[in-house]
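Every read-out reported here was derived from the displayed coordinates using simple, explicitly stated rules and does not represent laboratory data. Just so you know, these numbers come straight off a predicted model, no measurement behind them. Cβ: placed from backbone, ideal geometry, glycine included. Neighbour counts: every protein chain shown.
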Amino acid sequence: MHFLKSLALTAAAAGLAGASFAADIKPAVIFDIGGKFDGSFNEASFRGAERFKEETGIEYREFEIQSDAQREQALRRFAQQGNNPIVVAGFAYGSAMEAVAAEFPDTNFAIVDMVVDLPNVRSVVFNEHEGSYLVGMMAAMKSESGTVGFVGGMDIPLIRKFACGYVQGVKAVNADATVIQNMTGTTGAAWNDPVKGGELTRSQVDQGADVVYHAAGGTGRGVLQAAADAGILGIGVDSNQNGMQPGKVLTSMLKRVDVAVYNAMMDAKNDAFTPGFSVLGVAQDGVGYAMDDNNKDLVSSDMVDAVEAAKAKIIAGEIAVHDYTSDDSCPVS
Amino acid sequence: MKSIPRWADLALIPFLNLFLAFFVAGLVVVFIGEDPFRAMKIMLTGALGSDYGIGYTLFYTTNFIFTGLAVAVAFHGSLFNIGGEGQAALGGVGVAVVALTLDGTHWLITFPLAILSAAIFGALWALVPAYLQAKRGSHIVITTIMFNYIGAKLLGFLMNGPLKKEGSMAPESRRFEDGAQLPFMQDIAGWFGMEMTRTPLNISFFVALICCVLVWLLIWKSKFGYELRAFGFQQPAAIYAGINPVKITVITMVVSGALAGMMALNTVMGEQQKLVLDHVQGAGFVGIAVALMGRSHPVGVLLAAILFGVLYQGGTELAFEIPAISRDMIVTIQALVILFMGALENLVRFPVEGMFARLSRGN
């Protein structure tokens, strides 16, 4: 009895301590150009921040940038107003963060998809090639034509990393398969161009693709829409997009940006924020594939077994998925 | 059309337009369930309530002075330069070329060269449409707006190729070294022992003010300005009087393009200290509204530019303070102001003229 009571007291004390910290932290999150409700990358970071708010009751500040030029302004304004930690998701914040984080050494920053080497910055990157490998396997197993497609957003090494992992997964199942690859553009606008995404998808369908995977943020809406319209299957990215076109999305390559955002805020709240950089792969459940009611009829148990086996081998190191960014080249295409 | 007094033309009508614009924008805010008075207060205090806000407001103002003057100069020759966006984008390339080459020296050396280079790049981008207008009769509105797209694509190519920072995924140049970083206003205040919050307002604000004076001298105090205004008022008469239309068109557009190009000093060399893709941020188009509101007079352009600076900075603060008002809503509010101030000017003008007409009859 005494033991239980003291335990309860400790818990209450911990709760109080938590509350006093809670009053201290003022987290802020800044979204990238695709916008908060892109259904993909930015929405994942929004969900992470929302989960933190629900669990702790702590409000956070947020901002959607309109242009590249606003990145530094947004970071600096939140830092000047004493927000801490400041979390951003997007590789393009790299140089802005290098400048601003150095100006505010007492503020904690977290950045996803980019490494910024400063003592007050936590950098989180993902092994997108591993997750893409898994959905590539599923695409190849599902494809009847032997031709599958990939639509990328902006043509940068990060997105080629997705593409390369995907192709490796496809070829692991069917070495003769053809993968058609297209990129939407070379500027930030490529993240938010669903019309062009749809066009690229239709052209891939005309070339025989019957499963199309996108890694294109808001552009992906058009990809999944066009795939559903053409009667073929799409594969979503970052968030679980299976519900966007129910029954027409084979699966989604999950990239847990939400976890990275949530952890950064939660660690700051618990006074356990650590700088440095971390890599989240399939082993850490940082990337994976999405299964839910919307796609359970599309994915057979054989497919799940094969993908789970591959996942276990990746974790065990028996399958080494090549990372495009390690040498800026891809062994297969 | 001298039916209304000058003060009504210059002050009353813009004020009524502004009032209407804010009224309709307020309705939009009410429509999404937010308090319009709170939104208005955040906009005004965010833009003018602190040295931080004023710094940002004047930073945006600097952009709009350059692009507003650019449009105003062309207006006087009845040329409608919609290409400020592209000319400023190319001006940025001009600044970056100088800054990336000479940033090991001192800003006193790089700054004048960057001014020259920005002006030349902007001018060259306006020269082609000007030549086509003068020699071939291709309408300048069409060609300048098309050159905006070409400029954006060219910048996109350069930012993904020759000017891209090595090893970076983002389309941006490397950061300029100290020798090509303009002093910020807080640095300048520091020279005089004063303290200011850090804002991107920099020395190019003064260049913009000097340009206001130079444009006034050019248009109202020079022989060329006289020819330009004559050409703008009545082309056949001006040509009959011996004014060379090709020369006037080309020189006017070159001056206009140079002014638009110099905008990049503020954003590329001042604020960002590197070349990014969209450093212009739509200022080229806002310049049209600024010139319209400012009646193409440098003083009017300055005042209109300050108003738009307030709108931009206030709008950004609004997005920070009330996340329910999304970035698209902010653009809507800014667009309403532009619509009422620029395009719907006659909405207020006719009733006001009618009122003055009745008043004078009553006398």
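Distance between the 7 Å Cα→Cβ label points at B:R198 and A:T178: 5.5 nm. Computed over region A:215-333, the range of Cα coordinates on each principal axis works out to 49, 34, 31 Å, biggest value leading. Counting every pair of alpha carbons in chain A, the share spaced more than 25 Å apart comes to 51 percent. Mean separation of Cα pairs under 8 Å and 6 or more residues apart, divided by the residue count, gives chain A a relative contact order of 19 percent. Hey, what D do you get for the protein assembly as shown in µm²/s if you plug the Kirkwood alpha-carbon radius into Stokes-Einstein at 4 °C and 1.567 mPa s? Rounded to a whole number, D works out at 47 µm²/s. Can you give me the relative contact order of chain B as a percent, contacts being Cα pairs under 8 Å and 6 or more apart? Once divided by the residue count of chain B, the mean separation gives 34 percent. Considering only GluC sites (Glu not before Pro) in DSSP loops that have at most 15 other Cβ atoms within 10 Å, the longest stretch of chain A without any of them is A:145-317.
Tell me, which longest segment in chain B has none of the GluC sites (Glu not before Pro) that fall in DSSP loops with at most 12 further Cβ atoms within 10 Å?
In chain B, the maximal stretch lacking such sites is B:196-363.
Rounded to the nearest 20, the size of the Cβ-charge dipole of chain B about its Cα centre is 1240 debye, with Lys and Arg at +1 and Asp and Glu at -1. Of all DSSP-defined beta bridges confined to the protein assembly as shown, some 15% are antiparallel rather than parallel.
Quote the FRET efficiency, to the nearest 0.05, computed for B:M40 versus A:A309 with a Förster distance R0 of 41 Å and r equal to the Cβ-Cβ distance.
0.10
Panel order for B:W7, B:W107, by other beta carbons found within 10 Å of each beta carbon, from fewest to most: B:W7, B:W107. For the protein assembly as shown, a crude dipole built from +1 on the beta carbon of Lys and Arg and -1 on the beta carbon of Asp and Glu, taken about the Cα centre, is about 2840 debye to the nearest 20. Positive end of the charge dipole of region B:1-151 (Lys, Arg +1 and Asp, Glu -1 on Cβ, about the Cα centre): tell me which of B:F75, B:H106, B:S117 has its Cα farthest that way. Of B:F75, B:H106, B:S117, it is B:F75. Computed from the alpha carbon positions, the gyration tensor of region B:35-321 leads to an equivalent ellipsoid with semi-axes of 31, 23, 18 Å, biggest first.
Database remark: amide H of A:T178 closer than 5 angstrom to the amide H of A:T147, A:V148 (H placed geometrically; neighbours at sequence offset of 5 or more, or on other chains; Pro and chain starts carry no H). With the charge dipole of the protein assembly as shown set up from +1 on Lys and Arg Cβ and -1 on Asp and Glu Cβ about the Cα centre, the Cα lying farthest toward the positive end among the listed residues A:L250, B:V207, B:L10 is that of B:L10. Scalar couplings 3J(HN,Hα) for region B:140-153, obtained by applying the Karplus form with A = 6.51, B = -1.76, C = 1.60 to θ = phi - 60°, are 5, 5, 5, 5, 5, 5, 5, 5, 4, 5, 4, x, 5, 5 Hz; x denotes Gly and Pro.
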